[in-house]
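*Asks:* Quick one: structure below, then a few questions.
Throughout, read-outs are computed from the coordinates displayed, never taken from laboratory work. Bear in mind the structure is a predicted one, so any value in this text is a computation, not a measurement. As a convention, Cβ positions derive from the backbone with ideal geometry for all residues, glycine included, and neighbour counts pool all protein chains shown.
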Amino acid sequence: MMKVLLINGSPHKNGCTYTALSEVAKALNNNNVESEIIHIGMKPIQGCIACGKCYESGKCAFADDLYNNLYEKIQEADGIIVGSPVYYAGPNGSLCALLDRLFYSASRFMTNKPAAAVVSCRRGGASATFDRLNKYFTINQMPVVSSQYWNSIHGNTAEEAKQDLEGLQIMRTLGNNMAWMIKTMKNSNEKLPQREERVATNFIR
Ligand SMILES: Cc1cc2nc3c(=O)[nH]c(=O)nc-3n(C[C@H](O)[C@H](O)[C@H](O)COP(=O)(O)O)c2cc1C
């Protein structure tokens with residue numbers, strides 16, 4: 001069975017972000033796609049210190065349980081969805097700390113995997129947050145799955161988020177589209193795109 005990994009980047013285990021991700025998960029399950037929501041928790045999360053150790057080992061030098069768990073789960077997942085609350089018009093800092101390390105060290109497992117971001121806010125900054133999260137996917141050749149709007153839900157509490165009927169519909173549409181995308185890719189006989197050796201010119205010329 002195909003599986004989608006959903007990351008809840010909020011400190012609230014069952015808050016608005018979770019409410020949005022759960023609606024996506026329901027739609028995935030209705031399409032016979034398995035899902036798992038991993039919560040980033042409330043403990044401090046180490047950011048990337050640019051030590052470069054992952055270049056040699058393929059893994060982050062800070063091997064905490066959350067990182068290790070996601071490092072494994074990402075390899076098994078057919079698709080990835082990242083959910084975040086909006087903090088000052090951007091994703092939660094703890095989530096970015098985690099994603100910086102995860103994407104920098106494990107991008108080889110991300111390439112070609114369909115992905116989407118989902119955000120939750122009380123009032124404003126949703127689309128800026130959505131854009132920032134999509135940057136992780138679009139630098140890694142991940143097909144971005146879309147919905148009928150920029151994936152956001154509004155509310156300060158889970159109860160409020162559940163009243164955002166349009167937000168919930170956006171999540172279900174996203175789940176349906178993600179299921180369609182991973183199944184379509186799985187059933188395709190087309191070879192993966194040709195990839196050139198990477199060039200990096202660091203803006204020096
Ligand atoms: C530090 C902090 C900053 C926030 N900044 C914003 C913001 O810029 N715009 C907004 O609409 N809501 C903001 N909020 C509210 C949350 O985005 C909102 O309550 C969100 O739905 C919470 O999701 P959760 O229940 O999954 O944590 C902020 C909340 C916190 C704690």
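*Asks:* Let me have the 222 nm mean residue ellipticity of the chain computed from DSSP H runs of 4+ only, each contributing -39500 (n - 2.57), with the sum over all residues rounded to the nearest 500. Write down the numbers at each step before the final one.
*Replies:* Numbers: 7 runs with 88 residues, N = 205.
Rounded to the nearest 500, the figure is -13500 deg cm²/dmol.
*Asks:* Trypsin sites (Lys or Arg not before Pro), restricted to the range 1-83: which are DSSP loop and have at most 14 other Cβ atoms within 10 Å? Before the final figure, lay out the partial values.
*Replies:* Numbers: sites: 3, 13, 26, 53, 59, 73; in loops: 13, 59.
Listed in order of number, the matching sites are 13.
*Asks:* Calculate the all-directions average of the projected area of the range 94-205's alpha-carbon convex hull, and give it in nm². Write down the numbers at each step before the final one.
*Replies:* Working: hull surface 38.2 nm².
For the range 94-205, averaging the hull's shadow over all directions gives 9.5 nm².
*Asks:* Using a Gaussian network for the chain with springs between C-alpha atoms less than 10 Å apart, which of these wobbles most: 159, 190, 36?
*Replies:* 190
*Asks:* With both partners inside the range 68-152, how many of the DSSP beta bridges are antiparallel, as a percent to the nearest 5?
*Replies:* 20 percent
*Asks:* Could you tell me whether the range 36-85 comes out rounded, prolate or oblate from its Cα gyration tensor? Rule is a ≥ b ≥ c as square roots of the eigenvalues, rounded for a/c under 1.5, then prolate if a/b exceeds b/c, otherwise oblate. Could the numbers behind the result be given before it?
*Replies:* Values: a/c = 2.09, a/b = 1.32, b/c = 1.58.
Oblate is the answer for the range 36-85, as a/c is 1.5 or above yet b/c matches or exceeds a/b.
*Asks:* Next question, about the same structure. Expressed in nm², what is the orientationally averaged projection area of the convex hull enclosing the Cα positions of the chain? Mind showing how you got there, number by number?
*Replies:* Working: hull surface 50.2 nm².
Taking a quarter of the hull surface, the average projection is 12.6 nm².
*Asks:* Also, I was wondering about something else. Could you tell me which of the pairs 73/135; 73/191; 13/191; 3/135 are separated by over 31 angstrom between their Cα atoms in the structure shown? Walk me through the numbers before you get to the answer.
*Replies:* Details: 73/135 21 Å; 73/191 25 Å; 13/191 40 Å; 3/135 23 Å.
Flagged as over cut-off: 13/191.
*Asks:* Based on DSSP, what percent of beta bridges with both residues in the chain are antiparallel, to the nearest 5? Before the final figure, lay out the partial values.
*Replies:* Details: 2 of 23 bridges.
Beta bridges within the chain, antiparallel portion: roughly 10 percent.
*Asks:* Give the distance, in whole Å, between the Cα centre of the range 18-69 and the Cα centre of the range 133-205.
*Replies:* Cα centroid to Cα centroid, the span is 16 Å.
*Asks:* Two decimals is fine: what's Rg over Rh for the range 1-65, C-alpha atoms, Kirkwood radius as Rh? Don't skip to the answer; put the middle values down first.
*Replies:* Details: Rg = 15.4 Å, Rh = 14.0 Å.
Radius of gyration relative to Kirkwood radius: 1.10.
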